[in-house]
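All of the numbers you see were taken from the coordinates with simple rules; none came from a lab. Since this is a predicted model, take the numbers as computed values, not measurements. Don't worry about glycine lacking a Cβ; one is built from the backbone with ideal geometry, like all the others, and counts go over all protein chains shown.
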Amino acid sequence: MAGFLSLFYIFFSYLAFFVLAAGTFYLFIRVPHAISASVPGGPGRFKLLVNLAGDVLFARGTLKNEGKLLWFFETVFHWAFFLVVLRHMRYFFYPVRGVILGFQDSGIIAGYVLPVPLIMLAAVRLARKTPGRIVYLLFLLASLSGILMTSLARPDLVDIKAFVLGLITLRPVLLERADPVFLFHFSMVLLLLVAVPLAMARRALNTQEDVPFKKPSSIPEIAPQNPGILEKEET
Amino acid sequence: MRFRAMLILPVCLLTLAACAERVDKPKLESRGGTGPLAIKMKRGTAAPEYHFPREYWRTHHMDLIAKGDFEKRECVICHDTEASCNKCHLYVGVPKVCTIMD
């Protein structure tokens, strides 16, 4: 059973990675370039990078489009998630470096904080039918199953790390035990790997939160002004 | 711009792959563990009753130690920390068990 499930998950892990890589690469080359540094009169590359950092670290898109309360939760979510990801680095590296060890405790605390903003964000976005809302549900489920594993239902960490390192080093090994909570957690992560870039693309195109500056009037109307442009391009 | 930044994600994952070291996972030598992380016990030591079920002990010894049901100094009667405890702990990134008993 563990062997069969391992094969199943090995296949879907690589599939998820392939979809993620192909999808982001597709967006990289195909999304209209109205918001790139090559626009005359637009900000330079550096300013764009600063803008981008602001978007990610302080969730400015949310502030602009959804108000202060959701912005607050989104920011808490981003930072808590960042710390949680840092804690997870211990599963992806061998040997585990001191830097990573230094983030373990803050990672645990952040892990317990994480569901709070997620519940709020998921509730509001499900109610408002924001594009890409499924992502918040997946995040919430991943975070709750993660908490379950640090507290009540500890899995065999050694077994799981061997499985994950096997995937990463392209020499997959089978799990010895199929821990249901871990496999659920892992499934949510694989789904997120695919769903997050998709959701971000759809949301950005719908709300124009990706446009960090006013386009000079001399530039013709192209790109993110037009919701659903991706779907149109694909047909 | 943000779409382009998303390319960072797969790139990071690939970097991880390039950096990760291959090593056999820590496993009791008596159960076929091999490599630098094989868990070694002194020959002839019998496992105490509380190690069973083994699966439960492996995943919950930290909770029982934290609760105070067991003390680390009991463990090192049979366990050489470097040869057993810390093989696992180094592997998963848990603080080392010190030889100086606390």
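Values as computed for the structure displayed
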| read-out | value |
| --- | --- |
| For the stretch B:24-102, with +1 on Lys and Arg beta carbons and -1 on Asp and Glu, the positive-most of B:38, B:92, B:79 along the dipole | B:38 |
| Dipole of the stretch A:2-208, positive end: most advanced residue of A:142, A:91, A:81 [Cβ charges, Cα centre] | A:81 |
| Efficiency of FRET between residue A:53 and residue A:116 - r from beta-carbon atoms, R0 22 angstrom, step 0.05 | 0.35 |
| 21 Å Cα-Cα threshold exceeded, pairs from B:40/B:87; B:42/B:87; B:67/B:87; B:42/B:67; A:161/B:72; A:161/B:96 | B:67/B:87; B:42/B:67; A:161/B:72 |
| Mean ellipticity per residue at 222 nm, deg cm²/dmol - from DSSP H runs of n ≥ 4 across chain B, formula -39500 (n - 2.57) | -12500 deg cm²/dmol |
| Residue with peak Gaussian network fluctuation, chain B [Cα springs, cutoff 10 Å], from B:90, B:14, B:37 | B:14 |
| For the stretch A:2-208, size of Cβ-based charge dipole, Lys and Arg +1, Asp and Glu -1, in debye | 640 debye |
| In the stretch A:65-174, the trypsin sites (Lys or Arg not before Pro) that fall in loop regions by DSSP, at most 14 other Cβ within 10 Å | A:97, A:129 |
| Max mean-square fluctuation residue, GNM over chain B, Cα-Cα springs under 10 Å, options B:48, B:26, B:36 | B:48 |
| Lys, Arg +1 and Asp, Glu -1 on Cβ, resulting dipole of chain B about Cα centre, debye, nearest 20 | 440 debye |
| Within-13-Å neighbourhood charge of residue A:139 [Cβ basis; K, R +1; D, E -1] | +1 |
| The stretch A:57-80 versus the stretch B:26-102: alpha-carbon centroid distance in Å | 44 Å |
| Cα Rg, Dmax, chain B, angstrom units | 18.5, 64 |
